[in-house]
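The values are calculated or read from the model by the stated rules, or taken from the named source; none is laboratory data. Since the structure is predicted, the reported quantities are computational estimates derived from the model, not experimental observations. Cβ: placed from backbone, ideal geometry, glycine included. Neighbour counts: every protein chain shown. Ligands, DNA and RNA are excluded from the accessible area calculation, which covers all protein heavy atoms including side chains. Shrake-Rupley method; radii C 1.70, N 1.55, O 1.52, S 1.80 Å.
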Amino acid sequence: MTQFKVLISIILVLELFGLPSPVLAQLNQTRKQIIVIDPGHGGKDSGAVGLNGILEKDVVLKIAKQIVELNEIAFKNQFEIYLTRYKDTLISLGDRTKLAKSLNTDIFISLHCNHSDNPNARGLEVYVSKKQGRYSEESILLAYHLQKGLKENIGFESRGVKFANFQVLRETNDYFPSVLLELGFLSNGDEENYLLNKSSLLKIASAIIINLKNVSYERNVN
């Protein structure tokens, strides 16, 4: 897809959310916030496998790259965004969190897809660390903001904000707000089909970055 076609697709999605590109171009920027997006799994660790063979590691990497493209093209590089992996490689959980800490990160988001033995299980889940940390409150607020925005913008039901002992959350909660997103169930036929669609992935990426823009603004003015 040419950059022009990508831009047209992005503008259509943003207009669907009520945020046409001319408005985005006029956003007032303060210091660029550093966002680290962590596409889960990679390499020999495929993560969840869908009914039709779709791999979690591929889905989340595509979404992460879409977020980067949206930031560059539609948001005029409002954020400074880094990925913990840019290709199909396996990066240890410890190295992912070390990278985020070294970058003086403002917000850390780990992207995943869910799986269940129950084929009817569906919906979004957003996790924060159950271990109390310096940024626990900010992480919880970010989690609620993202789950609300994703639910409204992509139409998936929300299974709520939950607490867990995931390493990437446990090791970052004292340094910056961090959340882990479970973006639907690959074991659910309807949600897997949705995640197979390129335009759906763009819509998910758009919902994430638009809500990050809102959270960023709130944090800057408070």
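Some observations on this one:
- Prolate/oblate/rounded call for the stretch 74-151, Cα gyration tensor, a/c under 1.5 rounded: rounded
- Based on protein heavy atoms only, the stretch 110-222 ends up with 44 Å² per residue of surface accessible to a 1.4 Å probe.
- Cα-centred dipole magnitude for the stretch 95-222, charges only on beta-carbon of K, R (+1) and D, E (-1), debye, nearest 20: 280
- Listed cross-link partners 65/213; 130/151; 32/65 are compared with a 21 Å cut-off, the Cα-Cα value being larger for 130/151.
- Annotation: amide H-H contacts under 5 Å for residue 110 (H modelled 1.01 Å from N, sequence separation of 5 or more, or interchain): 38, 179, 180, 181.
- The fraction of accessible area contributed by carbon and sulfur in the stretch 72-196 is 46 percent, rounded to a whole number (1.4 Å probe; ligands and nucleic acids excluded).
- Sorted largest first by accessible area at a 1.4 angstrom probe radius, with every protein chain in place, the residues 55, 180 fall in the order 55, 180.
- Between the residues 146, 120, 156, the greatest Cα displacement towards the positive end of the dipole of the stretch 113-158, with unit charges on the Cβ of Lys, Arg, Asp and Glu, is found for 146.
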